[in-house]
Every structure is written in C-alpha cells, then in structure tokens.
C-alpha cells in the first residue's frame, strides 16, 4: 500500500471537503438562479393582482395569494398561543422532571411527523369527523399542528436566553410572577419569539401535502374560511404536474422562492439582533 | 388567585403538543387498522398486489420502494452533508461560518414542490439520456432527497462536532497530529452519537417526503430491481390516491399511513434515545 504523508493527505482532504461544500452551496444558488431566471420575467402587476383564468392558463395568482395568507393566519392564530404558552410553562413554571420529559417527547415527536401524516390526520378529523369539508379552516388547523413544535422550541430558547437577573429585579420590586413574565421577560424575548413565527411562515408558504388534503385546491377566490382554497405552492404543483402552463408555473415558483428568501433573511436578521442584545 | 388560574391555563396549553400527537396516533389507527385486520397482516404487509378497488391491499412494493429511496438518499446525502459539516465546523473561519451555515439551512427552506419540479425539468432528462430507462426513477428520487435531507444532517452534525471539547483536538494536535488526523481519529469518533442522530433524523425526513418524490419517482407499482426503475413509495401512494378513494380503498391508504407512522416514530424514538445518552 502506498503511504501518503499526513501533511499531503491533510491538504487533499481539505481541498476535497471545501469542494463538496462549494458544490452544496452551488446547488442552492443554482436553484435560486434557475427559478428567478425563468420566473421573474413572468411577474408583473397584472400577474399578481388578477385571479387565475381557465385553470391558471392565463390571468394571475391573486386568489392563491389570498388563500395562502388566510391559511397562514389561521394556523398562527392557533399555534402561537399554544406554542408560547407551552414555552412559558416549560421555562417559568416547572422544573425538569417527568412532566417536562413527556412534553418534550411530544414536541420532538410531533416535529418529526411528516406532513403527509398530518394531512391524513387533518382530513380524518377536520374534513370528515367535524364535517368542515375541504376548507381554509381545516387546512389552517392542520397546518398549526405542523408549526407548533417550531414555535415551542424557538420561544423556549428565547425565553431561556433572558438573563435571570431581569426576573429577580422585578420580583424584588414586588412585581407578581405573571406581570414579570408579560412586562419584563416576554418583551426581552420578543425578537427570538418572532424569529420562530417568521420561520413558521416560511415553512407554511412552501407546504403542499398537508394543505392539499385539508384545504383542497379550489381556484375560486375564497369568500370565507369555510371555503376551499388553493395556496401558491399547491397552485404551482398543479400547474407544473398537469402541464397546464409552464410560464405560469415558473412565475408562481419565482414568487414562492422570493417569499421564502425574504422571510428567511428577515428571520436571520431578527435572530442576530436578538443574540447581540444578550451577548 | 389570578396567578393560580394562569398557571392552570399554561399547564393545559403545555400539553397541547403531546395531546395532538396522541390524537394523530388515535385517528390514523382508528381509520386504518380495521383494514389491516380485514385483509390480514400477511396479505397487507407481505404481498405486492395492490388493487384496492378489487380487494387486494398488498403494500410490499411500496414499503420496499420507500426503504430504497431512503437508503439511496442516505448513501448520497450523508457523505456530502458530513463534508459540509466538517468544513464548516473545522476549516471555516468563524466570520464565514455565520454566513455559510444559514446559507446551507436555506436549502431546507426551498419547498419540496420546487425540488420535484427541478428534478423533472433538469435531472430526469439527464438520467434518461445518459443512463437509460424512463428517467423518472429510484435514482432520481434518491438524488433529490439527498439534497433535501442534507441541511438537516449538516446542521445537527455541526452542533455535534462543535460540542466536542476543544481539549480533545488540542491534545491530538499537541501530539503532532495534523488537523485532518485530529478530525478523523479524535473529533469525529467523539461526535459519533450526534452524527448518527443527524443521519437518523435525515432518514425520517426522507421516508416521509412526499411531493418531490411523486414528481420524480415515476410512481410505477412494482418492486424495483434496478436504480433506474420507476418506483412508488408509501407516501406517493397515499397522496396520489387520496383524492378519489372511497370505502376500503380510503381505509387502506390510512393503513399504509400507519406503517409509515410506525417507521417514523421508530426513527424519532431512536434519535431521541441517542441524543439523551450523550
């Protein structure tokens, strides 16, 4: 066997590892570039502001934007209080023990459940058992089960990052526990909590499997949350898969990727702001 | 008084995630289990004949396909993900790290439908042209999944590598080891349980992924014999047939969901146990 001297093998490995990392980052930039290159030229004010016509062959994507916003709004309406409440309980009201173990197991396991299973669940409970049919309400509620673990985790981390002394000072001034939490702890933890919510929005924007089973894919402009609606991502999926219109598909994909970029970058900046504050 | 009420409410809220998990388990089993009993466990799990409208409910080919795409994505995704993790955690200057880590995590934010779409447009024709077959294949699905699970594995592995005490590395370097020798012989072995956890969570993501797989895997109902064969996974079958299924057919899809659920929970519990051991 040929013996390679350690300094040389170190050099080779370093080049190889950097090369593979470069490849990965290259793939990401390629995806973004490819979608923007083909999709951005399709985007215009009319594309954004008019409703889809003829299954999406012409017209725009306004109805799908509205459905997406409704769905995310409903999901956050339920997931935020549940998630934040859980985080406050875990950090302020209990010590590590059996109960926190059970709660953490539930949160971690729920985070690992794939969206298709959540979709089946939402279909069985909201669409069928509750009789709400394919609707934005069924979809939003199902989506909230997907967002809950992220919101719990990020809120918990942010609340934990708030220094002990903040609470001690408030207590020593005779402020009650709940008032300390709402007036001192939560405001300090706010950017971190917002990061979790913002990241949840990014996940929701790209989600399809959960939504197609529970909110359906009606292209009509949603008049209420009891109607079916088609989100941007579902619209893109149907346009691309059924070959309805490539130019519309690229345009929709570009909007999706653009939204996700903007949302993720804002989350990143929020997080940095938060970290700076406490270090 | 008010404080007590608030504490009660928060305690209730805190049980939301675990309650939802239990509800999911209950509903999936309630909807799907009757069919497993009706068809018989053997004919359900170990038959590849799936014709749910004619009373055949064998999911073997889908289970094998799901495992095959998962395995394929691990074979391709893990080396790439580990390379990224080692580079970022060990070779990368900290100022670059704060930029590169979120960049790789951004890859996880790209919607799975976009991955599937690019797979169909770019990857599938390449496979068809240069390797043969229909292009829509086990290979295509594995490659797309490998890219999709990469951020999960990289990000958790970075944390595992960074958690190794600096003393280990300094000790190895002091003994005259090169940086790469220290990584290979000291740091990686010390970070092993974290890296394995990362891989298991990556597997769970791969086996549960749906939309991207539907778009590139070809969805043919058979046991694959080559990586160029089209395959139909458990998740694809559920998603493709849910819309028009009824009666026993719908129940059978929930039953397929039970099997998927068991796989996922198994992987999650394993990952959890490993994490805790550390």
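What are the residue pairs meeting all of these: first residue in the range A:80-98, first residue more than 11 Å from every other protein chain (Cβ to nearest Cβ), second residue surrounded by fewer than 19 Cβ atoms within 10 Å (Cβ to Cβ) and modelled with pLDDT of 95 or more, Cβ atoms under 7 Å, and 6 or more apart or on different chains? No pair meets every condition.
Applying the condition of being more than 10 Å from chain A (Cβ to nearest Cβ) and without any contact (Cβ under 8 Å) to a residue 24 or more places away in the chain to the range B:237-266 and asking which residue is nearest to residue B:220 (Cα to Cα) yields B:244.
Within the set A:8, A:71, A:82, the sole residue that is farther than 16 Å from residue A:222 by Cα and either touching a helix residue (DSSP H, G or I) at 6+ places or on another chain (Cβ under 6 Å) or surrounded by 12 or more Cβ atoms within 10 Å (Cβ to Cβ) (or both) turns out to be A:82. Here residue A:115 clears all of (1) more than 9 Å from every other protein chain (Cβ to nearest Cβ); (2) within 22 Å of residue A:253 (Cα to Cα); (3) buried (at least 22 other Cβ atoms within 10 Å of the Cβ) except the condition numbered (1). If you check residue B:99 against the conditions, is it at the interface with chain A (Cβ under 10 Å from one of its Cβ atoms), within 17 Å of residue B:151 (Cα to Cα) and modelled with pLDDT of 95 or more? Spelling it out, it is not the case that residue B:99 is at the interface with chain A (Cβ under 10 Å from one of its Cβ atoms), within 17 Å of residue B:151 (Cα to Cα) and modelled with pLDDT of 95 or more. A Cβ distance below 7 Å, combined with a sequence gap of six or more or placement on separate chains, defines the contacts here; from the range A:1-25, residues that are within 7 Å of chain B (Cβ to nearest Cβ) and within 30 Å of residue B:151 (Cα to Cα) reach no residue that is modelled with pLDDT under 95 and loosely packed, with under 10 Cβ neighbours inside 10 Å. Could you grab me the full set of residues in the range A:142-166 that are in contact (Cβ under 8 Å) with a residue 24 or more places away in the chain and surrounded by fewer than 23 Cβ atoms within 10 Å (Cβ to Cβ)? Of everything in the range A:142-166, those that are in contact (Cβ under 8 Å) with a residue 24 or more places away in the chain and surrounded by fewer than 23 Cβ atoms within 10 Å (Cβ to Cβ) turn out to be A:150, A:153, A:157, A:159, A:160, A:161, A:162, A:163.
Is it true that some residue in the range A:92-99 is more than 14 Å from the chain's Cα centre (by Cα) and within 29 Å of residue B:149 (Cα to Cα)? No, the range A:92-99 contains no residue that is more than 14 Å from the chain's Cα centre (by Cα) and within 29 Å of residue B:149 (Cα to Cα). Note on the range B:71-115: residues that are closer than 30 Å to residue B:214 by Cα and not in a helix (DSSP H, G or I) amount to 2. Against the conditions (1) farther than 27 Å from residue B:122 by Cβ; (2) in contact with a helix residue (DSSP H, G or I) (Cβ under 9 Å, 6 or more places away or on another chain); (3) assigned to a helix (DSSP H, G or I); (4) at pLDDT below 95, residue A:101 satisfies every one except (2).
Out of B:26, B:39, B:14, which single residue is in contact with a strand residue (DSSP E or B) (Cβ under 6 Å, 6 or more places away or on another chain) and either surrounded by 13 or more Cβ atoms within 10 Å (Cβ to Cβ) or facing another protein chain (nearest Cβ under 7 Å) (or both)?
Details: B:26 fails: in contact with a strand residue (DSSP E or B) (Cβ under 6 Å, 6 or more places away or on another chain); B:14 fails: in contact with a strand residue (DSSP E or B) (Cβ under 6 Å, 6 or more places away or on another chain).
The match here is B:39.
Residue B:214 - would you say it is surrounded by 24 or more Cβ atoms within 10 Å (Cβ to Cβ), within 11 Å of chain A (Cβ to nearest Cβ), within 21 Å of the chain's Cα centre (by Cα) and over 16 Å from residue B:112 (Cα atoms)? Spelling it out, it is not the case that residue B:214 is surrounded by 24 or more Cβ atoms within 10 Å (Cβ to Cβ), within 11 Å of chain A (Cβ to nearest Cβ), within 21 Å of the chain's Cα centre (by Cα) and over 16 Å from residue B:112 (Cα atoms).
Return a yes/no flag: does the range A:34-49 have any residue that is facing another protein chain (nearest Cβ under 8 Å), surrounded by 13 or more Cβ atoms within 10 Å (Cβ to Cβ), farther than 30 Å from residue B:182 by Cα and without any contact (Cβ under 8 Å) to a residue 40 or more places away in the chain.
From the range A:34-49, those facing another protein chain (nearest Cβ under 8 Å) are A:34-35; that's our starting set.
Those still in the list that are surrounded by 13 or more Cβ atoms within 10 Å (Cβ to Cβ) too: A:34-35.
Those still in the list that are farther than 30 Å from residue B:182 by Cα too: A:34-35.
Those still in the list that are without any contact (Cβ under 8 Å) to a residue 40 or more places away in the chain too: A:34.
Looking for residues that are facing another protein chain (nearest Cβ under 8 Å), surrounded by 13 or more Cβ atoms within 10 Å (Cβ to Cβ), farther than 30 Å from residue B:182 by Cα and without any contact (Cβ under 8 Å) to a residue 40 or more places away in the chain, one finds at least one in the range A:34-49, hence yes.
Screening residue A:220 against (1) over 23 Å from residue B:245 (Cα atoms); (2) modelled with pLDDT of 90 or more; (3) more than 21 Å from the chain's Cα centre (by Cα) leaves a single unmet condition, (2). For the condition within 14 Å of chain B (Cβ to nearest Cβ), farther than 27 Å from residue B:33 by Cα and surrounded by fewer than 22 Cβ atoms within 10 Å (Cβ to Cβ), residue A:182 qualifies. Taking the stated definitions as given, is residue A:175 over 21 Å from the mean Cα position of the chain (by Cα), more than 8 Å from every other protein chain (Cβ to nearest Cβ) and closer than 20 Å to residue A:271 by Cβ? Answer is no for this residue.
The values are calculated or read from the model by the stated rules, or taken from the named source; none is laboratory data. Nothing here was measured: the structure is a model prediction, and the numbers come from that model. Please note: Cβ atoms are built from the backbone with ideal geometry, for glycine as well, and neighbour counts cover all protein chains shown.
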